[in-house]
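Report on the following structure.
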Amino acid sequence: MQLAVEELPLKVPFRISGYTFTQIPALFVRLSGAGAEGCGEAEGVYYFDDVPVRMAAQVESQRAAIEAGITREELRQLMPAGGARNAVDCALWDLEAKRAGQPVWKLAGLEHVVPLTTMFTLGADHPAAVAMGALSRANATALKLKLSGELDIDIERVRAVRAARPDVWLGVDANQGYTLDSLERLLPVLSEARVLLLEQPLARGCEANLDHLDCPIPIAADESVQSLADVDGLLGRFDVVNIKLDKCGGLTEALLMIEHARRIGLKVMVGNMVGTSIAMAPAFVAGQLCDFVDLDGPTFLSADRSPGVVFKDGTVWCPPELWG
């Protein structure tokens, strides 16, 4: 097993509620055996301080078990959800696929894969800048706008994007930036702008406040759901589960979450924590089973891995030579 922590510079600073990013650290894991190699990449969960340096230490602490030939389910029982397990889990999927001579999607029980319509994300910048960003993504058919929690300027941002792109599917992501009071004041603006998805409006831990909200827009849980154990608690408050492999600990858990969410009547979304195409590829497999897809992570980076995922006409495609 080989581990590497890498810094991935962004093209420009990226702002969301409470954070501004200029680079994204990543953990890269490579596993080998029986003449094959598998790789996985994870960025971790920044708001839990689940950072790649610590993730690497977590993986190192389980080196003996991993190198002894651990299965994905054994790994799921051995390590907690989070970026460390994600990197190893995805490397195990890749290694298994290469040994079997079959793609990961087939091992996961899918009959085929298709290009997926993906959201392209606009940071919480000045309204004129987000309008320019919306226009610059002329081929995008779905946009997601980051909100900062500053009500007045968020209203301007939403209106600016909708004015710039009256044609596009539009969602917004508050990243926990709102209170119940400010959210109730924002909702009429979102409805007027034909926003079709509202992601994580309130802080994790404040989910009960949604009981008092009459919201005409589907609400997606992001920070409020980390792994399979959190899914049942979303019923009645959220409509959509945003699954990210870095949160839940890999494709293995993501597939279980998708199955369970659908069984109990929730819609499903796959997202990302930014990262290279190696991080997007396993999420692309999960995305085949999802209602909403947000896999634009590599578009924020100064440089991606080669080969990389292909973005075309608002869709994302993972070429077979990339991963899995």
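The values are calculated or read from the model by the stated rules, or taken from the named source; none is laboratory data. Bear in mind the structure is a predicted one, so any value in this text is a computation, not a measurement. Every residue, glycine as well, gets a Cβ built from its backbone with ideal geometry; the counts of neighbours run over all protein chains shown.
General remarks:
- Residue match in segment 129-138 (condition: assigned to a helix (DSSP H, G or I) and either at positive phi or not assigned by TED's automatic domain parsing to the domain that holds Leu151 (or both)): no
- Residue pairs whose Cβ atoms lie under 6 Å apart, separated by 6 or more positions or on different chains, with the first residue in segment 178-195 and in the same structural domain as Cys206 (by TED's automatic domain parsing) and the second among the aliphatic types (A, V, I, L, M) and in a helix (DSSP H, G or I), are Ser182/Leu151; Val189/Ile155; Val189/Val158; Ala193/Val158.
- Condition broken by Pro80, with the remaining ones in (1) over 15 Å from Met1 (Cβ atoms); (2) assigned to a helix (DSSP H, G or I) satisfied: (2)
To keep it simple, each residue is scored yes or no on (1) basic (Lys, Arg); (2) crowded, with 19+ Cβ neighbours inside 10 Å; (3) within 21 Å of Leu183 (Cα to Cα).
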residue	(1), (2), (3)
Ala131	no, yes, no
Ala134	no, yes, no
Lys144	yes, yes, yes
Ile153	no, no, yes
Arg159	yes, no, yes
Arg162	yes, yes, yes
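- Scanning segment 22-58 for residues that are buried (at least 18 other Cβ atoms within 10 Å of the Cβ), of a type in the set (S, T, N, Q) and in contact with a strand residue (DSSP E or B) (Cβ under 7 Å, 6 or more places away or on another chain) yields a count of 0.
- Residue count for segment 72-91, restricted to those that are touching a residue at least 12 places away in the same chain (Cβ under 8 Å) and polar (S, T, N, Q): 1
- Test: residue in segment 118-127 that is within 18 Å of Ser191 (Cβ to Cβ) and out of contact with any helix residue (DSSP H, G or I) (no Cβ under 9 Å at 6 or more places or on another chain): no
- Residue count for segment 14-69, restricted to those that are in contact (Cβ under 8 Å) with a residue 12 or more places away in the chain and assigned to a loop (DSSP other than H, G, I, E, B): 8
- Number of positions in segment 77-100 that are closer than 10 Å to Gly249 by Cα and touching a Leu at 6+ places or on another chain (Cβ under 9 Å): 9
- Positions within segment 92-128 being in contact (Cβ under 8 Å) with a residue 60 or more places away in the chain and assigned to a strand (DSSP E or B), in sequence order: Leu116, Thr117, Phe120, Thr121
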